[in-house]
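Single-structure report; data block below.
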Amino acid sequence: MSARISSWNSNFVYNWGEPDAKVRPFFFGGLGATHYSPGDYDAGIPNGASLARISSHTKFSSTWGGGVKVHASPHVGIKGTARWTPTYIKSDSGGVWCDPFYPTCWVLADPDYSNQFQFSGGVTFRFGGR
């Protein structure tokens, strides 16, 4: 079985400009989860066949991005999108910080994220309207 990464996010999308404009930039952001399924060890690696399967995990993630839609005609256009999906993996101890005015100290965290980037484009179709 090969490794897989699947993300599920609910997004809020905002489109600028008039609905029938030729150029419509957009922005989106959302929250969800990313599932990591690493698969089995490669049997070609020495002693790989005797190793156990790597367990899968699902982690909280967000997604952010934007792009532009350009309509050459009233009903057909092109779309370009860029997306960034940071997924929180874990935190390591980053040291201790002590407040100089209030006698309290806190353990600082050093978070680790998995960052996924996606660039895509395609053809869009606009239905209805004029």
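No value in this document is a laboratory result; all are computed from the given coordinates. These figures come from a predicted structure and were not determined experimentally. As a convention, Cβ positions derive from the backbone with ideal geometry for all residues, glycine included, and neighbour counts pool all protein chains shown.
Within 15 Å, Cβ to Cβ, of V70, how many net charges do the neighbouring residues add up to if Lys/Arg are +1 and Asp/Glu are -1?
Details: positive: K22, R24, K69, K79, R126; negative: E18, D20.
Its environment carries a net charge of +3.
If Lys and Arg each add +1 and Asp and Glu each add -1, what is the summed charge of the other residues whose beta carbon sits under 11 Å from the beta carbon of Y88? Each step should come with its number before you reach the end.
Numbers: positive: K59, K90; negative: D112.
Residues near Y88 contribute +1 overall.
Quick one: divide the alpha-carbon radius of gyration of the chain by 2.2 N^0.38 Å and tell me what you get. Provide the component values of the computation, followed by the final result.
Details: Rg = 22.3 Å, N = 130, 2.2 N^0.38 = 14.0 Å.
After normalising by residue count via 2.2 N^0.38 Å, the value is 1.60.
For segment 4-125: lysine pairs with Cα atoms under 30 Å, gap of 8 or more or different chains, count?
On the way: K22/K69; K22/K79; K59/K79; K59/K90; K69/K79.
Going through segment 4-125 pair by pair, I get 5.
Would you tally the net charge around S7, using a Cβ to Cβ cut-off of less than 13 Å, leaving S7 out, and scoring K and R as +1, D and E as -1?
Details: positive: R4, K59, R83; negative: none.
Once all neighbours under 13 Å are counted, the net charge is +3.
Name the longest site-free stretch of the chain, where the excluded sites are chymotrypsin sites (Phe, Trp or Tyr not before Pro) in a DSSP loop with no more than 12 other beta-carbon atoms within 10 Å. Before the final figure, lay out the partial values.
On the way: sites that count: W16, F101, F127.
After excluding every exposed loop site, the longest remaining stretch is 17-100.
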